[in-house]
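Report on one structure; see the data block that follows.
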Amino acid sequence: MPEPFANIAALVGNTPLVELRSLSPEPGVRLFAKLEGQNPTGSIKDRIVLRILRAAKASGALAPGQRIIEASTGNTGVSLAMFGRMLGHPVDVCVPESVYPEIEELLAVHGARIRRVPRQAGIKTAIEVAQAVADQEGAFLLNQFFSDENVAAHYEGTGAEILADVGSVDVFIAGMGTGGTITGVGRRLKEQNPACHVFGVEPRLGVHVQGLKSLEDGFIPPVLDEDVLDGKIIVGNRHAFSHARRAMLAEGLFGGISSGAVLHAAMRAAGRLKRGNIVMVFADAGWKYLGTDLWQAGDHDPAIEAHEDPLDDVLWW
C-alpha cells in the first residue's frame with residue numbers, strides 16, 4: 001500500500017502526460033498534453049511559487065511571518081496565496097482589473113489582499129506597483145518574472161518529467177507568460193534532442209488571452225531566453241476559446257483558455273509534420289473560467305470548424 005503524502009506541497013509536480021489520439025492529423029504524429037491543472041491550486045504556477053518560497057526561506061531572504069507581494073494575472077497569485085499562508089506569511093497580490101472574477105474570488109478565499117491596477121496598465125504596471133510596495137513596506141517580492149528559480153523549476157521538474165514519460169520530443173509548445181516554462185523545459189529537451197523545435201504561444205498585441213502575454217507590449221521577462229525559441233505562434237481569442245472546447249469535446253480534457261491557444265498552435269505545427277512527438281503544456285484547468293461563455297455552446301461548435309484566419313496566426317519556423 002503506498003504511503004500517504006506528507007502534505008499538499010508533496011502533490012506539486014509529477015503531473016500526467018496524456019496523448020490526444022483523436023486530434024492528430026497524421027498517424028505518425030503524436031500529440032501529448034502535460035496536464036498542469038492537476039497541481040494543488042490547479043495550475044503550473046505551483047511549481048515556481050513553492051520553489052521560490054523554499055529557496056528564499058533557505059537563504060534568509062524571506063523572514064518568518066514576513067508579508068509577500070507579487071504581480072499576477074491569476075494563477076501565480078492563487079498559488080502564492082495558498083502556499084504563502086500555509087508557510088505562515090500574509091500575501092498581497094497586484095492584479096490588473098482585467099482578470100477573471102473567479103481569480104479574485106480564489107485569492108479572497110485564500111486570504112490574500114488584492115491590489116488592483118487599471119486594466120489598460122496591464123502586468124507591467126502591476127509589477128512596478130508590487131516592487132514599490134516591497135521597497136516601501138518591507139515585503140518580500142516573489143519576483144516570478146526575474147527569478148532564476150522559475151526557470152530551474154521547469155528545467156529540473158517539468159522538463160525532466162516529460163522526458164521520463166515520452167523519451168524524446170520533436171516539438172515542444174507552451175504559452176509565453178513569464179518565460180520560465182518555455183526556457184526551462186526548452187533547454188532540458190534540447191539537451192536530449194538538439195533537433196527539438198521549441199515554440200512559444202502568445203496573443204496578438206492588444207488581445208487579452210488569460211495566462212499569456214505578448215512580447216510586443218514592450219516588456220520582455222528577464223527569465224526568458226529567446227535563444228531557446230525556434231519560433232512563436234500568435235493566437236487570438238477565437239482560436240484559444242474554440243480549441244479549449246475542442247480538447248474537452250474530443251478528449252474530455254477540461255483545460256483553460258491558454259491550453260486552447262496551445263492546442264491550436266500545436267495543431268498548426270502538426271500539420272507540417274509526417275512523424276514525431278509534439279508535447280504541449282496545458283497550464284491550468286478550465287474550472288477557473290466557468291464565469292465566461294466558453295463552455296456554453298452546443299456540441300456542434302461552428303467556431304471549431306471555421307476556416308483559419310490568416311491574420312490570426314503567424315508561424316515562424
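Brief remarks follow.
- Residue check for residue 285: under 15 Å from the mean Cα position of the chain (by Cα), in the same structural domain as residue 13 (by TED's automatic domain parsing) and surrounded by fewer than 24 Cβ atoms within 10 Å (Cβ to Cβ): yes
- Enumerated strands (runs of 3 or more DSSP E) restricted to the stretch 45-133, each holding at least 1 residues that are among the basic types (Lys, Arg): 113-117
- Looking only at the stretch 232-282, and only at residues there that are in a loop (DSSP other than H, G, I, E, B) and small (Gly, Ala, Ser), the one that is surrounded by the most Cβ atoms within 10 Å (Cβ to Cβ): 256
- Counting the residues of the stretch 129-143 that are without any contact (Cβ under 8 Å) to a residue 24 or more places away in the chain and either over 18 Å from residue 81 (Cα atoms) or surrounded by fewer than 15 Cβ atoms within 10 Å (Cβ to Cβ) (or both) gives 3.
- Sole residue being under 26 Å from residue 278 (Cβ atoms) and crowded, with 20+ Cβ neighbours inside 10 Å, chosen from 70, 36, 26: 36
- Failed item, numbered, when residue 192 is tested on (1) in contact (Cβ under 8 Å) with a residue 40 or more places away in the chain; (2) more than 19 Å from residue 259 (Cβ to Cβ); (3) in contact with a helix residue (DSSP H, G or I) (Cβ under 8 Å, 6 or more places away or on another chain): (1)
Yes/no per residue for (1) over 19 Å from residue 171 (Cβ atoms); (2) touching a residue at least 60 places away in the same chain (Cβ under 8 Å); (3) acidic (Asp, Glu):
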residue: 3; (1), (2), (3): yes, no, yes
residue: 12; (1), (2), (3): yes, no, no
residue: 17; (1), (2), (3): no, yes, no
residue: 20; (1), (2), (3): no, yes, no
residue: 25; (1), (2), (3): no, yes, no
residue: 34; (1), (2), (3): no, yes, no
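- Matching option when the condition is over 22 Å from residue 21 (Cβ atoms), modelled with pLDDT under 90 and not in a strand (DSSP E or B), among 211, 159: 211
The values are calculated or read from the model by the stated rules, or taken from the named source; none is laboratory data. All figures in this text were calculated on a predicted structure; none of them were measured in a lab. All Cβ positions, even for glycine, are placed from backbone atoms using ideal geometry, and neighbour counts span all protein chains on display.
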